[in-house]
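> First the structure, which I've put down as structure tokens, then a few questions once you've had a look.
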């Protein structure tokens, strides 16, 4: 099995297709298999790399939560690229992976051809921060004590998740079956080390105002936290464009894969043809 090493941790990856590279960074409840519809589509013209984050088998699952952080998750993307000899790539991330993708652009702008963020912003609302941290700590303890099948029942019925069930019951069942194959320890440590300690997107305003990497923010209109954060990024960052997908929840690439692939094709084509431009005031 192919692995890239980052900070003494082995990260499993899959490498498909040829061409300009795209690196896919998955969300908390998913893994690299969440990108199947995108890899099948984009690998016809691009080199597609999807990897499992630390804590997600067959990647290593460090036992100490201190081996997990937003900085480490960001550096892991760079480590996978360096292992594969990639100087630059388009980076596409969902939720937790969107946060890592955004921070990758902030810390490694010269390695990013473009950034695509799906469902970014969980835990960022300062009015809900205290409750978010309480919920995160509670869930971390649950991942250490309860079977993943029991935890999945709570996650899959969330308001921003149930849209997938309504649209594609087969995809919904498959997603949660894969979730139950994950590591409880990996999830608990990810919650403690990354989710509970990453900075709010709203704290990045100054840096976003100076940001120049082409940025595409994608959110479903049924994903309230991400919708608010997406509007904030759009207003703060001249290099950002915002796509809001109607009647859609958190994981846009799974709920509306055809639509997501089309708008991403258009964005990448603008970037690669050098037709993309940051917006300017009239």
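Here, each number is a calculation from the coordinates, and none is a lab measurement. Fair warning: this is a prediction, and the values are worked out from it, not measured in the lab.
> Rounded if a/c is under 1.5, else prolate if a/b is larger than b/c, else oblate: which is the chain, with a ≥ b ≥ c the root eigenvalues of its Cα gyration tensor?
Taking the square roots of the gyration eigenvalues as a ≥ b ≥ c, the chain is rounded.
> Could you tell me the center-to-center distance, by alpha carbons, between the stretch 195-267 and the stretch 85-125 in angstrom?
The stretch 195-267 and the stretch 85-125 have Cα centres separated by 10 Å.
> Compute a Gaussian network model of the chain, connecting alpha carbons closer than 10 Å, and tell me which residue from 24, 232, 51 fluctuates the most.
Looking only at 24, 232, 51, the largest GNM fluctuation is found for 232.
> Let me know the shape class of the stretch 192-272, please: from the alpha-carbon gyration tensor, a ≥ b ≥ c as square roots of the eigenvalues, rounded when a/c is under 1.5, otherwise prolate if a/b is greater than b/c, or oblate.
oblate
> According to the square roots a ≥ b ≥ c of the eigenvalues of the Cα gyration tensor, what is the shape class of the stretch 64-166, taking rounded for a/c under 1.5, prolate for a/b larger than b/c otherwise, and oblate for the remainder?
prolate
> With springs only between Cα atoms under 10 Å apart, run a GNM on the chain and tell me which of 250, 216, 182 wobbles the most.
Maximum among the listed residues: 182.
> If you take every DSSP beta bridge fully contained in the stretch 3-272, what fraction is antiparallel? Give it as a percent rounded to 5.
Here the antiparallel bridges make up roughly 25 percent for the stretch 3-272.
> Taking the chain as a Gaussian network, where each spring joins two C-alpha atoms under 10 Å apart, which residue of 189, 157, 225 fluctuates the most?
Maximum among the listed residues: 157.
> For the chain, what relative contact order do you get, as a whole percent, if you take Cα pairs closer than 8 Å and at least 6 residues apart?
Over the chain, the number comes to 20 percent.
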